[in-house]
1. Mind checking which residues of the stretch 20-42 are exposed (fewer than 12 other Cβ atoms within 10 Å of the Cβ), basic (Lys, Arg) and at pLDDT 90 or above?
2. Which pairs turn up if I take residues in the stretch 142-154 that are touching a residue at least 24 places away in the same chain (Cβ under 8 Å) and look for partners that are among the aliphatic types (A, V, I, L, M) and assigned to a strand (DSSP E or B) with beta carbon separation below 6 Å, at least 6 apart in sequence or on another chain?
3. Arg156 versus (1) part of a loop (DSSP other than H, G, I, E, B); (2) closer than 19 Å to Asp63 by Cβ: which is the lone unmet condition?
4. Mind listing just one residue for me: the one in the stretch 85-95 that is crowded, with 17+ Cβ neighbours inside 10 Å and of a type outside the set (Ser, Thr, Tyr) and, of those, nearest to Lys29 (Cα to Cα)?
5. Does Arg172 fit the bill of being basic (Lys, Arg) and modelled with pLDDT of 95 or more?
6. Checking the condition loosely packed, with under 12 Cβ neighbours inside 10 Å, over 29 Å from Lys122 (Cα atoms) and assigned by TED's automatic domain parsing to the domain that holds His135, which residue from Asp17, Asp82 passes?
7. Any residue in the stretch 7-23 that is within 19 Å of His136 (Cα to Cα) and free of Cβ contacts under 8 Å to residues at least 40 places away in the same chain?
8. Of all residues being under 19 Å from Arg149 (Cα atoms) and within 19 Å of the chain's Cα centre (by Cα) in the stretch 43-70, which is surrounded by the fewest Cβ atoms within 10 Å (Cβ to Cβ)? Just the residue, please.
Amino acid sequence: MTTVKEDTNRCDLSKIDIGSVFTRHDSGKVTGIRGDIVDLKNDAGQEWNITASLVEAQFCFADQADQEIKVTRTEMIKILKDNPQTAMTVVYHKKPDAGVVAKGVNHGQGTMSDRAWKSAVKKLIGGEERTMIGHHYGVMDTHDRLQFREHGKGSRNVDTRTLTSVIVRRVRYGLK
């Protein structure tokens, strides 16, 4: 097997010609806005600035939504999976902690009405709501968990079966 030479640069500037085709993917955060200039810092720590018109024309932001659309969970999972390497916000429920659930159930049983107790149990077994902002590369495990890269925090798994909302490409998708 041939070993590919590691190079920190993605291209050789001396080999670029007018008309050369390129692609670029990056993610990071806005660090400043100075009039028509936007300061950026990517995940690798590189900093640069560009004009606001270029940001408006080419950038997607994870928290911007101009419209809201109600979809089924199956549709939401497809929308999420169909947008790899795109800044987005996902809201889902973590797997509930068995100890916390057991303690909460034991504490509440017999001390409240049946209706209130059932409501408390339902809330406990639903799991804690988690919001993550970042992107994914389309890597899904056998349990329908998507590997999601949260900016500044590394990779975490999103259980797509518990999604409640996704913001991507200026649309907030919520459950019907």
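The values are calculated or read from the model by the stated rules, or taken from the named source; none is laboratory data. Since the structure is predicted, the reported quantities are computational estimates derived from the model, not experimental observations. So basically every Cβ, Gly included, is an ideal-geometry build from the backbone, and we count neighbours across all protein chains shown.
1. Hit for the stretch 20-42 is Arg34, nothing else.
2. Leu146/Met140; Leu146/Val158; Phe148/Met132; Phe148/Val158
3. It fails just one condition, (1).
4. In the first step, residues of the stretch 85-95 are kept if they are crowded, with 17+ Cβ neighbours inside 10 Å; the result is 87-92.
Those left that are additionally of a type outside the set (Ser, Thr, Tyr): 87-88, 90-91.
Numbers: Ala87: 11, Met88: 13, Val90: 17, Val91: 20 Å.
Once the filter is applied, the top-ranked residue is Ala87.
5. On the way: basic (Lys, Arg): yes; modelled with pLDDT of 95 or more: yes.
Considered against the rule, which asks whether it is basic (Lys, Arg) and modelled with pLDDT of 95 or more, Arg172 comes out as yes.
6. Of Asp17, Asp82, the one residue that is loosely packed, with under 12 Cβ neighbours inside 10 Å, over 29 Å from Lys122 (Cα atoms) and assigned by TED's automatic domain parsing to the domain that holds His135 is Asp82.
7. Yes - at least one qualifying residue is present in the stretch 7-23.
8. Looking at the filtered set, the residue picked out is Ala44.
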